[in-house]
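Take a look at the structure set out below.
The values are calculated or read from the model by the stated rules, or taken from the named source; none is laboratory data. Model, not experiment: these values are computed from the prediction. Quick reminder, even Gly has a Cβ in these numbers, built from the backbone with ideal geometry, and neighbours come from all protein chains shown.
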Amino acid sequence: MDNGNGIRLEELQKKLDALEQKYSQVNTQMKKLQDDRSDLKNNIKSMNDKFQQVNKNVENILSKLDDIDKNDRNFSENMGNFSVRKTLCAPLRKMTIGVVGSVLAVADKTTELACGAKEGFEDIVAEAQYQRKRKHKASMDEG
């Protein structure tokens, strides 16, 4: 009878060790998610700051282009359809579209990574719940 209790204690110890290992894994995943969330906030803040700077630069460029356009009206009338503003704004618009497209790609990738981490964590929790229920049912069957 002592042998049966010893075996039962060994089984419980193994289960406890497995549970501790799973807890450690879940804890590690939680820390990683928290770090990812912090990194995401920092990246968003950094992108926001950069957008504000780009916005200021674009405003300054457009203001200077307006000044050039006002000062050179006589010149552009003499040259026909030549427009400094049109010449400079087309590449600026393409650049702005490219920047916005890049930011959207970064945002999509960040969202994808966050969803992947969340799914991984959900899988761990679901597996732990399943094993807990299975062990509970097994202990009920034994009792």
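Here are the numbers for the structure shown:
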{"quantity": "Which listed residue, of L88, L92, is surrounded by 11 or more Cβ atoms within 10 Å (Cβ to Cβ), at pLDDT 70 or above and either touching a helix residue (DSSP H, G or I) at 6+ places or on another chain (Cβ under 8 Å) or of a type in the set (D, E, K, R) (or both)", "calculated": "L92"}
{"quantity": "Subset of the range 42-63 that is under 20 Å from V106 (Cβ atoms) and over 26 Å from the mean Cα position of the chain (by Cα) - its residue that is surrounded by the most Cβ atoms within 10 Å (Cβ to Cβ)", "calculated": "V58"}
